[in-house]
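First up is the structure itself, then whatever we jot down about it.
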Amino acid sequence: MQMNKKRAFLNWSSGKDAAYSLYQIQAKGEFEIAKLVTTVNEQAGRVSMHGVREELLKSQADCLGLPLEIIYLPENTSMQEYEKIMSAKLDQCLEQKIKYSVFGDILLEDLKAFREQQLSKVGMKGIFPLWGKNTFQLIHEMIESGLKAIVVCVNEQYLDKSFVGRIIDRQFVSDLPKGVDPCGENGEFHTFVFDGPMFKKTVSYQRGEVVYKTYNAPKQNKEIEKYGFWFLDLFSK
């Protein structure tokens, strides 16, 4: 008799870490991923920081063969509003007998602690398949697995415009400047995954323009007023 799997949802960012977490979860077979959940900027219709269009999110889910649930967040959502929206979503998951939430986090202790705290309030648990792994080894594991991702956003504090639009491969890792995490764990870059062992078919996309945007720095950072980012706009093909 086959043992019933634990039901979980995966926090889907559209990037490589979320995709490789899915691969790890599916390979071990302990959890059933009931759905992908993504937060999207309601006004822009894009994934925050990745800048990925909603249409491509839906294409990814279709190519993965998994249901996608989008949580629309208003522009400039306060932390209080965010927690209220997410709490309601977690309650809904519990009603669907989903008791676990999967994340692609690797090293950021504060973020992991925050996620676990929020989940514990409703009686859910966080699952972190990539947690604590050496990021240099991990990025090469991803590449060797056949995962394919394109860089859609870079933080100009760490990387210049030339890194936008590059495919994650061994040459990309070799070209990263000293001090940049090879998985971009400190927000140096973000990716869009379009193929890999977790996909049933390749996501078709086409490249658009590269755009530059600035965002206000946190108030506690007195050295920098604004952060600059380069984005590659992608479209469904």
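Starting from the Cα gyration tensor of the stretch 131-210, take the square roots of the eigenvalues, sort them a ≥ b ≥ c, and report rounded, prolate or oblate (rounded when a/c is under 1.5, otherwise prolate if a/b is larger than b/c, else oblate). Taking the square roots of the gyration eigenvalues as a ≥ b ≥ c, the stretch 131-210 is oblate.
Heavy-atom accessible surface of the chain, averaged per residue, reaches 53 Å², computed with a 1.4 Å probe. Extension gain, K84 to Y212, is 42.9 nm, computed as 0.36 nm per intervening residue step minus the present C-alpha separation. Loop-resident GluC sites (Glu not before Pro) (DSSP state other than H, G, I, E or B) in the stretch 53-90 with no more than 15 further Cβ atoms inside 10 Å of their Cβ: E75. Looking at the stretch 4-88, the trypsin sites (Lys or Arg not before Pro) that sit in a DSSP loop and have at most 16 other Cβ atoms within 10 Å of their own Cβ are K5. Computed 3J(HN,Hα) for the stretch 79-85, one whole-Hz value per residue from the Karplus formula 6.51 cos²θ - 1.76 cosθ + 1.60 where θ = phi - 60°, is 4, 5, 5, 4, 5, 5, 5, glycine and proline marked x.
For the stretch 1-140, rounded, prolate or oblate, judged on the Cα gyration tensor with a ≥ b ≥ c (square roots of eigenvalues), a/c < 1.5 rounded, else prolate if a/b > b/c? Rounded shape, in that the Cα axes give a/c under 1.5. A simple count of charges around Y212, restricted to other residues whose Cβ falls under 15 Å of its Cβ and scoring Lys, Arg +1 and Asp, Glu -1, yields -1.
Checking every one of the trypsin sites (Lys or Arg not before Pro) in the stretch 152-232 against DSSP loop status and a limit of 14 other Cβ atoms within 10 Å picks out K178, K200, K201, K219, K222.
Under a Cβ-Cβ cut-off of 10 Å, what is the net charge of the residues other than F103 that fall near it, where Lys and Arg count +1 and Asp and Glu count -1? In short, -1. Computed over neighbours whose Cβ is under 10 Å from that of C93, the net charge equals +2, Lys and Arg +1, Asp and Glu -1.
Accessible surface of the stretch 52-181, 1.4 Å probe: 47 percent of it comes from carbon and sulfur atoms. Estimated from the Cβ-Cβ distance and a Förster radius of 30 angstrom, the FRET efficiency linking K133 and A113 is about 0.95.
The values are calculated or read from the model by the stated rules, or taken from the named source; none is laboratory data. The structure displayed is predicted, hence computed values, not measured ones. A quick note on method: Cβ atoms are made from the backbone with ideal geometry, for glycine too, and the neighbour counts reach across all protein chains shown. Only protein heavy atoms, including side chains, enter the accessible area calculation; ligands, DNA and RNA are left aside. Shrake-Rupley method; radii C 1.70, N 1.55, O 1.52, S 1.80 Å.
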